[in-house]
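One structure is given here, and the rest of the page talks about it.
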Amino acid sequence: MWFDKKKVKDCSTLFGLADDMVAAFGAVKGAVIDQEDLHAVYECPIPE
């Protein structure tokens, strides 16, 4: 999913969405990545 940084003021909703997607897909790992410099701005906690 792509989100415009200029339009997303509160990233907590975006981070929560990433956590929910990791859990729903049963993924081992997940992150929110800044496309400009490709660094992780948030890494999802490992699901139990």
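For the reader, a short list of remarks on this structure follows.
- Just one residue in the set Phe3, Phe15 is free of Cβ contacts under 8 Å to residues at least 40 places away in the same chain, of a type in the set (Phe, Trp, Tyr) and not in a loop (DSSP other than H, G, I, E, B); that residue is Phe15.
- Flag if Ala24 is open to solvent by 80 Å² or more (accessible area, probe 1.4 Å), free of Cβ contacts under 8 Å to residues at least 60 places away in the same chain and of a type in the set (A, V, I, L, M): yes
- Selection within region 27-44 - touching a residue at least 12 places away in the same chain (Cβ under 8 Å) and exposed (fewer than 11 other Cβ atoms within 10 Å of the Cβ): Val28, Lys29, Gln35
The values are calculated or read from the model by the stated rules, or taken from the named source; none is laboratory data. Values in this document were obtained by computation on a predicted structure and should not be read as measured data. Positions of Cβ are backbone-derived with ideal geometry, glycine not excepted, and every protein chain shown enters the neighbour counts. For the accessible areas, the whole protein counts, side chains as well, though only heavy atoms, and no ligand, DNA or RNA atoms are used. Shrake-Rupley method; radii C 1.70, N 1.55, O 1.52, S 1.80 Å.
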